[in-house]
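Undergrad: One structure follows; several queries about it will come next.
The values are calculated or read from the model by the stated rules, or taken from the named source; none is laboratory data. Owing to the predicted nature of the structure, the values given are computational and were not obtained by experimental measurement. Cβ: placed from backbone, ideal geometry, glycine included. Neighbour counts: every protein chain shown. Only protein heavy atoms, including side chains, enter the accessible area calculation; ligands, DNA and RNA are left aside. Shrake-Rupley method; radii C 1.70, N 1.55, O 1.52, S 1.80 Å.
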Amino acid sequence: MKLATLKNGSRDGRLVVVSRDLAWCADASPVAPTLQAALDEWDRCEGALRDLSDALEKGSVPRERFHEREAHSPLPRAFQWADGSAYVNHVELVRKARGAEMPESFWTDPLMYQGGSDAFLPPRAPIPLGDVAWGCDFEGEVAVITGDAPIGARAADLGRAIRLVMLVNDVSLRGLIPAELGKGFGFFQSKPPSAFSPVAVTPDELGEAWDGERLHLPLVSHLNGELFGKPDCGTDMTFGFPRLLEHVAKTRPLTAGSIVGSGTVSNKLDGGPGKPVAEGGAGYSCIAEIRMIETIQDGAPKTPFMRPGDTVRIEMFDHAGKSIFGAIEQTVEVCGG
């Protein structure tokens with residue numbers, strides 16, 4: 001089952017069920033007016049939404065064309081957005097880039113921060129940037145939306161709490177991160193609003209690509225029309241999603257509609273840090289990684305961070321080459337501030 005939120009002038013949009021080929025959608029408001037409302041009463045709503053999805057595939061219900069540009073992020077705002085760093089290769093590279101050592105504990109204990117969840121960007125909305133010196137970077141990730149789970153829930157039980165899977169562009173302002181983390185209080189200004197894929201899907205929709213913990217498909221990123229990365233999301237993911245959810249639930253409950261991200265998808269190559277696509281590697285899901293590789297190889301980075309007019313596109317395809325979630329496609333624009 002595929003779900004999306006269409007922009008309708010309200011904060012939380014209108015819930016629709018989307019066809020598997022992303023061509024059509026059907027109004028789901030008779031079941032639930034918004035995705036959050038459906039998540040709040042998932043036991044009641046799931047069956048009705050699946051029935052509507054089946055009817056949409058058969059063409060037996062009223063339908064309308066689904067246009068990704070008309071979609072908001074599936075949850076335009078959420079009660080919680082917690083982003084992990086499950087790909088420890090990425091953590092190691094970006095910490096090296098700012099001269100910070102990585103503790104060994106990062107390989108056994110997930111790293112996570114709590115991001116702003118009050119105003120996500122639509123997947124085709126511009127990335128607002130107040131100053132090029134802030135170092136605007138994209139970060140391609142996978143995220144899950146959860147149901148309720150109690151404090152202390154364990155990974156073995158938390159797979160069933162995953163309601164939906166989607167993609168995310170977790171925008172980072174690299175130029176602001178070192179000073180901000182130097183204060184010892186975590187990210188804030190360096191993490192502006194994120195954008196999520198036009199469509200969120202139930203795990204069963206992913207078939208064999210979803211093993212209950214990881215999504216085994218490449219995440220494809222293009223920067224200004226050029227292939228930038230295609231790392232496999234199931235490779236080099238140190239912590240699966242149930243383990244990330246366990247980390248969240250250690251001292252607080254998971255509330256229906258919580259979003260938990262994987263962190264930037266990152267693959268090694270032959271035991272090394274990875275290579276650009278042009279050199280036979282899987283490439284990268286953020287600019288910071290290729291800058292680190294350039295620093296290792298050449299002594300200094302040469303790939304610039306995003307500037308006004310630059311466009312990033314993040315998407316995932318099934319084994320038949322069809323888009324699963326639709327595309328996040330965003331262009332950097334100057335804003336006040």
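Undergrad: Using a 10 angstrom cutoff on alpha carbons, build the Gaussian network for the chain and name the most mobile of Val265, Val277, Val142.
TA: Val277
Undergrad: For the stretch 66-180, what does the alpha-carbon gyration tensor say about shape, rounded, prolate or oblate, given a ≥ b ≥ c as the root eigenvalues, a/c under 1.5 as rounded, and a/b over b/c as prolate?
TA: Working: a/c = 2.18, a/b = 1.04, b/c = 2.09.
Here the stretch 66-180 falls in the oblate category.
Undergrad: Same structure, new question: With a ≥ b ≥ c the root eigenvalues of the C-alpha gyration tensor of the stretch 1-62, is it rounded (a/c under 1.5), prolate (a/b larger than b/c) or oblate? Present the calculation step by step, with values, prior to reporting the outcome.
TA: Details: a/c = 2.06, a/b = 1.23, b/c = 1.68.
Because a/c hits 1.5 or more and a/b fails to exceed b/c, the stretch 1-62 counts as oblate.
Undergrad: Hey, another quick one. From the square roots a ≥ b ≥ c of the eigenvalues of the alpha-carbon gyration tensor of the stretch 119-188, which class results: rounded (a/c under 1.5), prolate (a/b over b/c), or oblate?
TA: Working: a/c = 3.34, a/b = 1.65, b/c = 2.02.
Verdict is oblate for the stretch 119-188.
Undergrad: Net charge near Gly229, counting Lys/Arg +1 and Asp/Glu -1 over other residues with Cβ under 14 Å of its Cβ?
TA: Local net charge: -4.
Undergrad: Related question: Is there a pair in Lys183/Lys302; Lys2/Lys250; Lys183/Lys275; Lys2/Lys230; Lys2/Lys268; Lys191/Lys302 whose C-alpha atoms are over 25 Å apart, and which pairs would that be?
TA: Lys183/Lys302; Lys2/Lys250; Lys183/Lys275; Lys2/Lys268
Undergrad: Also, quick follow-up: With point charges of +1 on the Cβ of Lys and Arg and -1 on the Cβ of Asp and Glu, referenced to the Cα centre of the chain, which listed residue (Leu129, Phe66, Thr34) lies farthest in the positive direction of the dipole?
TA: So the residue we want is Leu129.
Undergrad: Kindly provide log₁₀ I(q)/I(0) values, in the same order as q = 0.12, 0.18 Å⁻¹, from the Debye equation applied to equal alpha-carbon scatterers of the stretch 1-122.
TA: Rounded to two decimals, the profile gives -0.59, -0.90.
Undergrad: Separate question: Against the empirical 2.2 N^0.38 Å scaling, what ratio does the C-alpha Rg of the stretch 259-337 come to?
TA: Values: Rg = 15.2 Å, N = 79, 2.2 N^0.38 = 11.6 Å.
Its radius of gyration relative to the 2.2 N^0.38 Å reference: 1.31.
Undergrad: Follow-up question, since we're still on this one. Using a 1.4 angstrom probe on heavy atoms only, work out the carbon and sulfur share of the accessible area of the chain in %.
TA: Working: 7140 of 14360 Å².
Ligands and nucleic acids excluded, carbon and sulfur give 50 percent.
Undergrad: Separate question: To the nearest Å, what is the center-to-center distance of the stretch 1-71 and the stretch 117-187, using C-alpha atoms only?
TA: A separation of 24 Å, based on Cα centres.
Undergrad: Can you list, bin by bin at 5 Å, the percent of alpha carbon pairs in the stretch 176-224, starting at 0?
TA: 4, 14, 13, 15, 12, 14, 16, 9, 2
Undergrad: Kindly provide the chymotrypsin sites (Phe, Trp or Tyr not before Pro) of the stretch 153-240 that DSSP labels as loop, not H, G, I, E or B, and whose Cβ sees at most 10 other Cβ atoms within 10 Å.
TA: Values: sites: Phe185, Phe187, Phe188, Phe196, Trp210, Phe228, Phe239; in loops: Phe185, Phe187, Phe188, Phe239.
Answer in residue order: Phe185.
Undergrad: So what's the convex hull volume per residue for the Cα atoms of the chain, in Å³?
TA: Hull volume normalised by residue count: 134 Å³.
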